[in-house]
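One structure is given here, and the rest of the page talks about it.
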Amino acid sequence: MTAALLLFGSMALFLVIGVPIAFALGASVWTTIVFSPDFTVTTGIIAQRIFGGLESTSIMAIPFFILAGNLMTKGGISKRLVDFANSIVGGIRGGMALALVLSSAFFAALSGSAPATVIAIGSMLYPEMVKMGYPKDRTAGLLVVSGGLGPIIPPSIIMVVYATITGASIGSMFTSGMFIGIVIMLTLMLVVLVLANKEKWPKAEKRPTLKEFGETFVKAIPAILLPVIILGGIYSGLLTPTESAAVAVVWALVAGMFIYKEVNIKDLIPIFLDSAKGSAMILFIIATSTAFSWIFAYSGISGELVHFIVGLNLSKTLFCFVVAIVLLIFGTFLEGIATCVLMVPILWPVAKSLGVDPIHFGMIVCLSNVIGTMTPPVAVNIFSAASVTKLKMGEIAKGQLAFFVGYVVVFLAVVFFPALSMLLVK
């Protein structure tokens, strides 16, 4: 009991006073070992567990995915994807809003990041849509929620982190994420169509021609090939997720430098630096969370928690619903990766003891964390949209409500119907 109070109490204190999550996790472990009378191990175990937490080939996929996403983000793909999406759905009422959703889905398959999707697609489409007469708050709100496709449609960094923690198949997580991502995309499009006709959103004067569709498709092929390379390599069995990510980096470099010709040698240094910083932040969180998970198990807290929850005789469905609520609450004030590495080691042993499928549980974790990016106070998608649109957070939050409800409906369907997550998983 003393160990539990020290572990969670010190971590909460560190987070409240503003200590970064990675340092808070490591410091709470140190505090527990030093001050708890239940431990005879030395603090040297912290370093062992931190380095041990990074000894996984799956984790190597994370920096590769980040680098590939940055190369493609800055390699001129946004305009090609937007043009291609617009050629598909641009000729009907609200067509540009549909193109925004479709572009976000395409871009999600490249970046794997919600804020990156918001900024990239918003910078391209928002000014033009406002000029056409689309309502500012609705457009910004749609941008926020569509950005939530980033961590769901593979490749997804948070799915790699979850799979590393639980031992779940990364390929199966990606398969489930692809299906759920498409369901979310179609749901958002349906909401757009309803609002577009109800509120009389603008309509393009002419439909894109077949020739225009063909031209935009050809220009978008190098960008579209990136997720094909990643997913095709994994599902065919020719490449591991890490090897697929490495091949994706090579293709992203070739596409940006030699096909689109919007990345040169000088651009590579800041791209590599940004990728290194992003990777270091995520890997540091994973490393210290490994030490946190070890102390959590070593102290016996995890075992006691499992016995307590099993003793409540909760059904799998009710347990998943409770977990979803807890994760949604954490997601409002913690970044998604941080929530995952903090909560999954605690909750997964309980879920496993109740017979919850790891892929179903993983989709609950990923979706709840994405919803956290749309809900204040730590709503990175809203912050990103505000930087693009120059609107106030309150205006954006109001504008996103209808789309947010659609996203949550899909999330609840995933929670209560496990088969939805497992439909395409072998």
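Distance between the pseudo-spin-label points of T209 and V228 (7 Å out from Cα toward the beta carbon): 2.6 nm.
Under the combined filter of DSSP loop state and at most 16 neighbouring Cβ atoms within 10 Å, the range 240-292 retains these trypsin sites (Lys or Arg not before Pro): K261. Counting only DSSP H runs of at least 4 residues, each contributing -39500 (n - 2.57), and dividing by the residue count of the chain, the helix-based mean residue ellipticity at 222 nm comes to -25000 deg cm²/dmol. The residues packed around F217, meaning those with a beta-carbon under 12 Å from its beta-carbon, carry a net charge of 0 if Lys and Arg are +1 and Asp and Glu are -1.
Among 382-392, 366-376, how do they line up from the highest to the lowest mean number of other beta-carbon atoms within 10 Å?
Details: 382-392: 19.5, 366-376: 23.8.
The densest-packed peptide leads the list: 366-376, 382-392.
Whenever you get a sec, compute what percent of the accessible area on the range 369-426 sits on carbon and sulfur atoms (1.4 Å probe). Percent of accessible area from carbon and sulfur atoms in the range 369-426: 77. Here r is the Cβ-Cβ distance between V254 and V194 and R0 is 35 Å; the resulting FRET efficiency, rounded to 0.05, is 0.25.
Taking every eigenvalue of the Cα gyration tensor of the range 203-265, multiplying by 5 and rooting it, what semi-axes result, largest first, whole Å?
Details: eigenvalues 170, 58, 13 Å².
Calculated on Cα positions only, the semi-axes equal 29, 17, 8 Å.
Pairs exceeding 20 Å between alpha-carbon atoms, taken from K219/K261; K203/K398; K74/K390; K79/K198; K136/K219: K203/K398; K74/K390; K79/K198; K136/K219.
Among (1) 24.8; (2) 21.0; (3) 19.7, only one was calculated for this model; which label is it, if the read-out is mean projected area of the Cα convex hull in nm²? Among (1) 24.8; (2) 21.0; (3) 19.7, the one derived from this structure is (2).
Go through 414-425, 114-125 and give me the packing order, highest mean Cβ count within 10 Å leading. Write out the running numbers ahead of the final one.
Details: 414-425: 16.7, 114-125: 24.6.
Ranked by mean Cβ neighbours within 10 Å, highest first: 114-125, 414-425.
Accessible surface for the chain, divided over its residues, is 42 Å² per residue with a 1.4 Å probe. About its Cα centre, the dipole of the range 129-287 is roughly 620 debye, where the only charges are +1 on Lys and Arg Cβ and -1 on Asp and Glu Cβ.
How much net charge surrounds S103 when only other residues with a Cβ under 11 Å from its Cβ are counted (Lys, Arg +1; Asp, Glu -1)? Result for the neighbourhood of S103: +1.
With the simple model of a label 7 Å out from the Cα in the direction of the Cβ, V41 to L401 spans 5.0 nm. Roughly how far apart, in whole Å, are the Cα centres of the range 340-416 and the range 220-293? Comparing the Cα centres of the range 340-416 and the range 220-293, I get a distance of 24 Å. Among the helices of the chain, those built from whole DSSP H runs whose Cα atoms reach 27 Å or more along their own axis and whose mean Kyte-Doolittle hydropathy is at least -1.0 are 170-198, 210-236, 265-298. Of the residues I152, A287, I182, the one whose Cα sits farthest towards the positive end of the charge dipole of the range 41-421 is I182 (charges of +1 on Lys and Arg Cβ, -1 on Asp and Glu Cβ, taken about the Cα centre). If R0 equals 22 Å, the separation of the Cβ atoms of A276 and F23 corresponds to a calculated FRET efficiency of about 0.70.
The values are calculated or read from the model by the stated rules, or taken from the named source; none is laboratory data. Bear in mind the structure is a predicted one, so any value in this text is a computation, not a measurement. Please note: Cβ atoms are built from the backbone with ideal geometry, for glycine as well, and neighbour counts cover all protein chains shown. Areas reflect the complete protein model, heavy atoms only, side chains present, ligands, DNA and RNA absent. Shrake-Rupley method; radii C 1.70, N 1.55, O 1.52, S 1.80 Å.
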